Amino acid sequence: MIRTLRDLPADALAGRRALVRVDFNVPLAGSEVADATRIEASLPTLRWLLEHECRPVLLSHLGRPGGEPNPVFSLEPVASVLSELLQAEVRFVDPCDGEEARLASHELPMGSVLLLQNTRFLAGETANDPGLAERFGALGDFYVSDAFGTLHRAHASTAGVTKFIEPCVMGLLVERELEALSTLKDPPRPFVVGFGGAKISDKIDLMNAFLGAADCMLVGGAMANTFLRAQGFSTGRSLVEEEALDLASSILDRAGDRVRLPIDLVVTTDIGDPASRVWTVGVDAIPDDAAAVDIGPETQARYAEEMEGCGAFFWNGPMGLFEDERFAQGTFALARAAAKATDRGTFTVIGGGDSAAAVRAAGLMDAVSHVSTGGGAALEFLSSGQLPGIEALRSESPEPPK
Ligand code: ADP
Ligand code: MG
């Protein structure tokens, strides 16, 4: 049994240092936080801790500094944004390992938060070095795992540390994510899934995991091009994953009657040229000199129809090259259909970094049941049913401190 924050008794909380692994891997513009979504996602847990008179000590990574300090990836800009959002003092200490960090954790006053510098400034973080994990463990009196987007990595601050601190519990964000994603293991039916994005090979474990369970699979994006080619359609200059043609055929052999492929597509002659011609063709009429970049209006309508009245809907992977507004209509149409279904009682979950960004761009983040904050972590959990960072919370008996 993995415990959550709310399982801890009051006397395990008041005055204690809560060592919280958060996911503050935010996009930066220079030294400014460009998007605070991930900081906002940590607020329920942090507010809960402050309300229960805990003293939160926060560990996070940011970017890929490669195990050495690099001011470009400093977490310092996050401290002021967090302070503003939380309406609390946020102290910042650099580095996250050493005497200064340890002292700061002990000296942290009630009502304040301590944010430590980027864990990936230390080589031991990604190597899951036990020495570093043990020193991380000394920064708190109990451990809260709330960095959902990082739980598919067994690093010192996400996994190793749990051997050296007790108790270890899930934070509210991780709890909410696991609850939503676990619902898809035995989903209300009919269960419809939407798959898009670039590559079948990237998503094959996920597709296999859902192939047996899904009543209907809506396919779009470049992934659909690969399926269409495998069926013998000519795909012109579309992005096709040649190496995955056999994989596509085998999926169609196993679940062909449940797989829906586009019937019309938006094509263009030059993706990079904003003035290039953009038009819609039937799947059997992709010109040799054009590339399919989105699902067409008939496909959008058919997919929306399939989603009507379904019990659950899971979606990963944009229906087209949505980063370009001209090719975003199919993706937005699916997002609107998901919002409409949610409104009528369908349980809708969006997973994947680009998919979440597309739903955000469509302004529909709050109109679906759950948008996962963890791209890779969500997909791994759905594929394999477990995450290293969650398994680490299971270990019952920590090694005694030396
Ligand atoms: P997620 O991050 O949600 O898991 P992916 O990373 O698998 O999604 O896929 C997103 C990428 O797929 C986007 O960069 C998008 O531009 C690309 N893509 C989708 N459809 C096409 C297409 N028809 N041609 C080229 N690229 C596409
Ligand atoms: Mg992606």
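All told, G351 falls short of being under 13 Å from P262 (Cα atoms) and within 16 Å of ligand 2 (Cβ to nearest atom).
Tell me which residues, restricted to the stretch 300-329, are assigned to a loop (DSSP other than H, G, I, E, B), within 16 Å of ligand 2 (Cβ to nearest atom) and within 20 Å of M207 (Cα to Cα). It would help to see each step written out before you state the result.
Taking the stretch 300-329 and keeping what is assigned to a loop (DSSP other than H, G, I, E, B), we get 308-311, 317-324, 328.
Checking which are within 16 Å of ligand 2 (Cβ to nearest atom) leaves us with 317-324, 328.
Answer for the stretch 300-329, where residues must be assigned to a loop (DSSP other than H, G, I, E, B), within 16 Å of ligand 2 (Cβ to nearest atom) and within 20 Å of M207 (Cα to Cα): G317, P318, M319, G320.
In summary, G363 fulfils each of the numbered conditions (1) within 19 Å of the chain's Cα centre (by Cα); (2) within 30 Å of G272 (Cα to Cα); (3) within 15 Å of ligand 2 (Cβ to nearest atom) with the single exception of condition (3). Under the condition of being at pLDDT 90 or above, within 16 Å of ligand 1 (Cβ to nearest atom), open to solvent by 40 Å² or more (accessible area, probe 1.4 Å) and not acidic (D, E), the residues counted in the stretch 342-383 number 3.
Given the residues R189, R260, R277, which is the only one that is more than 29 Å from V371 (Cα to Cα), assigned by TED's automatic domain parsing to the domain that holds A338 and at pLDDT 95 or above?
Details: R189 fails: more than 29 Å from V371 (Cα to Cα); R260 fails: more than 29 Å from V371 (Cα to Cα).
Just one listed residue meets the conditions, R277.
Based on this model, can you work out whether A101 counts as touching a residue at least 24 places away in the same chain (Cβ under 8 Å), touching a Phe, Trp or Tyr at 6+ places or on another chain (Cβ under 7 Å) and either small (G, A, S) or within 20 Å of A138 (Cβ to Cβ) (or both)? Spelling it out, it is not the case that A101 is touching a residue at least 24 places away in the same chain (Cβ under 8 Å), touching a Phe, Trp or Tyr at 6+ places or on another chain (Cβ under 7 Å) and either small (G, A, S) or within 20 Å of A138 (Cβ to Cβ) (or both).
Is it true that some residue in the stretch 218-239 is more than 18 Å from T331 (Cα to Cα), more than 16 Å from ligand 2 (Cβ to nearest atom) and of a type in the set (K, R)? Within the stretch 218-239 (the criterion being more than 18 Å from T331 (Cα to Cα), more than 16 Å from ligand 2 (Cβ to nearest atom) and of a type in the set (K, R)), the answer is yes, since at least one residue qualifies. Kindly indicate whether any position in the stretch 143-161 is of a type outside the set (A, V, I, L, M), open to solvent by 10 Å² or more (accessible area, probe 1.4 Å) and more than 16 Å from ligand 1 (Cβ to nearest atom). Yes - at least one qualifying residue is present in the stretch 143-161.
Out of all the residues in the stretch 85-97, is one or more open to solvent by less than 10 Å² (accessible area, probe 1.4 Å) and within 23 Å of the chain's Cα centre (by Cα)? Within the stretch 85-97, none of the residues are open to solvent by less than 10 Å² (accessible area, probe 1.4 Å) and within 23 Å of the chain's Cα centre (by Cα). R254 meets all of the listed conditions (1) part of a helix (DSSP H, G or I); (2) among the charged types (D, E, K, R); (3) under 23 Å from the mean Cα position of the chain (by Cα) but one, namely (3). How many residues are open to solvent by 50 Å² or more (accessible area, probe 1.4 Å) and either in contact with a strand residue (DSSP E or B) (Cβ under 6 Å, 6 or more places away or on another chain) or within 20 Å of A209 (Cα to Cα) (or both) if we restrict to the stretch 309-328? Total satisfying the criteria: 2.
Within the stretch 135-174, being touching a Lys or Arg at 6+ places or on another chain (Cβ under 8 Å), part of a helix (DSSP H, G or I) and closer than 18 Å to L382 by Cα holds for G149, T150.
Residues checked against (1) among the polar types (S, T, N, Q); (2) closer than 30 Å to S369 by Cα:
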site: S112; (1), (2): yes, no
site: L116; (1), (2): no, no
site: F121; (1), (2): no, no
site: F136; (1), (2): no, no
site: V161; (1), (2): no, no
site: G171; (1), (2): no, yes
site: S182; (1), (2): yes, yes
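The values are calculated or read from the model by the stated rules, or taken from the named source; none is laboratory data. Just so it is clear, the structure is predicted and the values come from calculations on it, not from any experiment. Positions of Cβ are generated from backbone atoms using ideal geometry, with glycine treated the same way; all protein chains shown enter the neighbour counts. Note: accessible area is taken over every heavy atom of the protein model, side chains too, but ligands, DNA and RNA are not part of it. Shrake-Rupley method; radii C 1.70, N 1.55, O 1.52, S 1.80 Å.
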